[in-house]
1. Tell me the residue from 252, 271 that is more than 10 Å from the ligand (Cβ to nearest atom) and either surrounded by 23 or more Cβ atoms within 10 Å (Cβ to Cβ) or closer than 20 Å to residue 390 by Cα (or both), please.
2. Quick one: which residue in 266, 242, 250 is modelled with pLDDT under 95 and under 20 Å from residue 136 (Cα atoms)?
3. For residue 329, all conditions in the list (1) on the phi < 0 side of the Ramachandran plot; (2) open to solvent by 80 Å² or more (accessible area, probe 1.4 Å); (3) within 11 Å of the ligand (Cβ to nearest atom) hold save one; what is the number of the exception?
4. Residues that are at pLDDT below 95 and either in contact with a Pro (Cβ under 6 Å, 6 or more places away or on another chain) or loosely packed, with under 11 Cβ neighbours inside 10 Å (or both): does segment 63-78 have at least one?
5. Could you list, in sequence order, the residues of segment 397-419 that are out of contact with any Leu (no Cβ under 6 Å at 6 or more places or on another chain) and of a type in the set (Val, Ile, Thr)?
6. Within the set of pairs 6 or more residues apart or between chains, which connect a residue that is charged (D, E, K, R) inside segment 81-94 to a residue that is open to solvent by less than 30 Å² (accessible area, probe 1.4 Å) with Cβ atoms less than 9 Å apart?
7. Contact list please: Cβ distance under 6 Å, first residue in segment 144-173 and free of Cβ contacts under 8 Å to residues at least 40 places away in the same chain, second residue charged (D, E, K, R), pairs at least six apart or on different chains.
8. Being aromatic (Phe, Trp, Tyr), under 24 Å from residue 226 (Cα atoms) and within 12 Å of the ligand (Cβ to nearest atom) is the requirement here; does residue 309 meet it?
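The values are calculated or read from the model by the stated rules, or taken from the named source; none is laboratory data. Treat the numbers as computed from the prediction; the structure is a model and nothing was measured. Glycine also receives a Cβ, built like all others from the backbone with ideal geometry; neighbour counts cover every protein chain displayed. Ligands, DNA and RNA are excluded from the accessible area calculation, which covers all protein heavy atoms including side chains. Shrake-Rupley method; radii C 1.70, N 1.55, O 1.52, S 1.80 Å.
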Amino acid sequence: MGEVAEIRLGDKTIELPVVVGSEGEHAIDISKLRAQTGYITLDPGYANSGSCESAITFINGEEGILRYRGIPIEQLADKASFLEVAYLLIYGTLPKREELEGFTESIRRHTMLHVDFTKVFTALPKDAHPMAACSATVGAMATFYPDSLDPRDPSQVEVSIHRLIAKLPTLAARAYKHSVGQPSMYPKNELNYVGNFLHMMFGNPCEEYEVDAVISKALDLLFILHADHEQNCSTSTMRLVGSSMVNLFGAVSAAINALWGPLHGGANQAVIEMLAEIRDEGMTGRQFVERAKTKDDTSRLMGFGHRVYKNFDPRAKIIKKACFDVLNQLGVHSQMLEIAVELEEIALKDEYFVERKLYPNVDFYSGVIYNAIGTPSNMFTALFAIGRLPGWIAQWRELHQDPTFKIGRPRQVYTGPTETSFVPIDKR
Ligand code: ACO
């Protein structure tokens, strides 16, 4: 028998098995605790609770390690393409050449939207946030593609995976075009995944759009770095919603909304708005950092801090370097980048941030790149969603293939009134 944990409740002692992961992570299995003792555990924000066993992504927050299917993020960032990484996450292994070609070709062939999506977009207000538009239109995919809704049918799941990866960039670009009043662009299937997205975002029917190789490479890299991050807020949403046996479109639509929040993926938009505020109000970096430390002020130093990384976020290191490279290659001078560097330098030496182990996260520098390549700030989180989609899908798939599959349903400790009699309305 392996290691066990003992828990003493009154005069009763219970043994709980210890589960050990492949990287030596230890977890106490409490799945029988309530049945054996009547007790549950309480862990607000789930900071100490594992919700599943997973073979997809490994993070060591103390050492700043991130690996997809065992492969370090640094190697993937350097050598792989986004669709290759998507395949790796979803199917578990790096694709052979013909597998990657088949996957890429299928994605390429599914980029177009059902023609009636025009009506869906027309119904959305012009100033709809692209994340709301993406969530709504991904949800609407379930109405347009009723032939791929059954999560128990592997061939239907496969079709919906390809549809989602192919169509989310088309939907996101269309949401943007709708918001600026420009005609939407059809996908151009001779372009690669990222090039096609750039063409739909920045092209227009009046002139030929040429994909810039530097921009395309930078965006592909950002998508890779965002592709999965184990049980974060939106991925846990994906699993929880998916556990109800809803179709894949419904679960992705929910995950997009979870990602939108400023404490999660929405931080990339919040960072650039913070940098713009510092620039426009003529504040110094020091003044802003002091403000972010004040408890009675709601503004945090956005793009700093992480639930898991307590040393550094390896994605932030790669993005910071890419940021300098891309701006340099594009010949862009960015005041935003200068402010970001200044903020980082101040915060990394400041006792408040040092004590709390707050480091730049993935969102701190990504917005500076998005900004430099001409992306409006309200689109930043939609780009994050395109990158994260393969991870959500991989996690959803793993959940459904898990022999211990169960609907996700946490318990609570009730703290409301004990039994109270109903009072008729004229006696209250
Ligand atoms: N600026 C100032 N103070 C901060 C920051 C920050 N960015 N982040 C955390 N703190 C402080 C908190 O006020 C708290 O201080 P206290 O102990 O004195 O009360 C302490 O650090 C711990 O913070 P928590 O919020 O408890 O840490 P948690 O792990 O729950 O939150 C989170 C992590 C949400 C990312 C947080 O650091 C944050 O709000 N950061 C800014 C938003 C952001 O960049 N989000 C993107 C994260 S990456 C992603 O999701 C893709």
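1. Details: 271 fails: more than 10 Å from the ligand (Cβ to nearest atom).
That would be 252, the only listed residue that is more than 10 Å from the ligand (Cβ to nearest atom) and either surrounded by 23 or more Cβ atoms within 10 Å (Cβ to Cβ) or closer than 20 Å to residue 390 by Cα (or both).
2. Selected residue: 266, the only one of 266, 242, 250 that is modelled with pLDDT under 95 and under 20 Å from residue 136 (Cα atoms).
3. (3) is the only condition that residue 329 fails.
4. yes
5. Passing the criteria: 404, 407, 415, 418.
6. 84/76; 84/95; 84/103; 84/224
7. Within 6 Å, the pairs are 156/150.
8. When the stated conditions are applied, residue 309 passes them.
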